[in-house]
Amino acid sequence: MLACTIHAKEDLRIETAEMPAVGPGEVLVRLGAGGICGSDLHYYFEGRNGSFVIREPLIPGHEASGVVALVGAGVTRVKEGDKIAVSPSHACGRCDYCREGREQLCANMRFLGSASRFPHVQGMFQEYFVMAERQCYLVAGDVSLGEIAFAEPLAVALHAVHRAGDLLGKSVLITGAGTIGCLAVIAARLAGAAKITVSDILDRPLAQAREVGADRVIRADREADALASPQFDVAFEVSGSFAALKACVAAAKKGARIVQVGTLPHEPLPFVVNEIMVKELDFKGAFRWGIEFDWAVEYIASRRVDVKPLLSGQFQLADAVKAFELARDKTQSTKVQLIAA
């Protein structure tokens, strides 16, 4: 079978790998669609994602759907031929964080397609991969494999909104109109936000944000004054830009909440906390997701949300380099996916 492997910065190879064996309680999955995430782009173009540095060949990919090819002994949750969403999170279930219901902070987390630990945990940009039964979520009906693969990024957005607390009737700012930013628009609307404003420095992402429900969009590089005064109850920094975070602090009302979702550059950042103190802002982080993955699968499967406008293209694994190049170009794409041949 084929596997997409990153060996170092800008060194991505399509390699032949052995078919994995299936053990008891495990499921052999054939890749349906796998979304290229910002972290995948960091691994390919920079050789690292924040503090997670590639130290051995890494198969990326943690946003995926698939079709069950074979089930191991004792598996009852899915059967051969089923369409599934695949959770990339394999928490231990035993540490203090897991026991408190915060599995995304698991002390022993094995997260697919990640260099957060060594040996690295290999991801799903390969034709076949083996998953634990509990990581496979059955999806019935006519929902496409491409749509199902949005479950993971939608879960990220849902978790960020969950971390923000009550949004009913609130004014919301989202900085960054990529996939997560647009999904945050959808998630904030589900949570009852009254008015959603999205900022970015490119026209195409802002048009996508409009399409999925943003009430107002701002070209941050041309309309700096639009975010200079306090006006929002809740702000989500999704772009991973320090300038955007400063804009969130400036545009937040007194007593507002700011949720950091995007990964900022891995370097010391000058950050004046006086405004956070004086305005009594609540500043929170949102990392991955927990139960929100279940919610995301249900929302997509029931068509409570429509993710189709965000899908810009699909490429076979053999064309992964082209796919990564397109995924990096935000003037041309939002979400690009890899599929099996």
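The values are calculated or read from the model by the stated rules, or taken from the named source; none is laboratory data. Here the structure is a predicted model, which means the values were calculated and not measured. When we count neighbours, we look across all protein chains shown, and the Cβ atoms used for this are built from the backbone with ideal geometry, even at glycine. The protein model used for the area step is the full one, side chains on, heavy atoms only, and it has no ligands, DNA or RNA in it. Shrake-Rupley method; radii C 1.70, N 1.55, O 1.52, S 1.80 Å.
Points worth noting:
- Residue within the range 52-61 that is farther than 22 Å from LEU338 by Cα and either of a type in the set (S, T, N, Q) or modelled with pLDDT under 95 (or both) present: yes
- Residue that is nearest to the chain's Cα centre (by Cα), among those in the range 178-192 that are without any contact (Cβ under 8 Å) to a residue 60 or more places away in the chain and open to solvent by less than 10 Å² (accessible area, probe 1.4 Å): GLY181
- Sole residue being open to solvent by 40 Å² or more (accessible area, probe 1.4 Å), farther than 21 Å from THR179 by Cβ, in contact with a helix residue (DSSP H, G or I) (Cβ under 9 Å, 6 or more places away or on another chain) and of a type outside the set (Asp, Glu), chosen from GLN314, GLN332, GLN231: GLN231
- Those residues of the range 115-137 which are more than 20 Å from the chain's Cα centre (by Cα) and aliphatic (A, V, I, L, M), in sequence order: VAL130, ALA132
- SER241 vs. criteria buried (at least 18 other Cβ atoms within 10 Å of the Cβ), among the hydroxyl-bearing types (Ser, Thr, Tyr) and modelled with pLDDT of 95 or more: no
- Condition met for VAL321 (surrounded by fewer than 16 Cβ atoms within 10 Å (Cβ to Cβ) and either out of contact with any Gly (no Cβ under 7 Å at 6 or more places or on another chain) or more than 22 Å from HIS7 (Cα to Cα) (or both)): yes
- Hey, THR5 within 13 Å of ILE59 (Cα to Cα) and under 22 Å from the mean Cα position of the chain (by Cα) or not: yes
- Of the candidates GLY285, GLY255, the single residue that is surrounded by fewer than 23 Cβ atoms within 10 Å (Cβ to Cβ), of a type outside the set (Lys, Arg) and in contact with an Asp or Glu (Cβ under 8 Å, 6 or more places away or on another chain) is GLY255.
- Which numbered condition LYS170 fails, given (1) closer than 30 Å to GLY81 by Cα; (2) open to solvent by 40 Å² or more (accessible area, probe 1.4 Å): (1)
- Residue match in the range 124-132 (condition: under 16 Å from TRP289 (Cα atoms), open to solvent by 20 Å² or more (accessible area, probe 1.4 Å) and touching a strand residue (DSSP E or B) at 6+ places or on another chain (Cβ under 9 Å)): no
- Residue ID - modelled with the lowest pLDDT, chosen from residues in the range 62-99 that are more than 16 Å from ALA149 (Cβ to Cβ) and either aliphatic (A, V, I, L, M) or touching a His at 6+ places or on another chain (Cβ under 6 Å) (or both): ALA91
- Residue list for the range 62-111, filter: surrounded by 16 or more Cβ atoms within 10 Å (Cβ to Cβ), over 17 Å from GLY123 (Cα atoms) and of a type in the set (Gly, Ala, Ser): ALA69, GLY72
- Lone qualifier among THR175, THR197 - being closer than 19 Å to ASP282 by Cα, open to solvent by less than 60 Å² (accessible area, probe 1.4 Å) and among the hydroxyl-bearing types (Ser, Thr, Tyr): THR175
- Residue check, GLY165 open to solvent by less than 10 Å² (accessible area, probe 1.4 Å), at pLDDT 95 or above and not aliphatic (A, V, I, L, M): no
- Looking only at residues of the range 193-223 that are among the polar types (S, T, N, Q) and outside any helix (DSSP H, G or I), we find that the one that is nearest to the chain's Cα centre (by Cα) is SER199.
- Residue count, the range 140-162 (criterion: open to solvent by 10 Å² or more (accessible area, probe 1.4 Å), among the aliphatic types (A, V, I, L, M) and over 12 Å from TRP289 (Cα atoms)): 2
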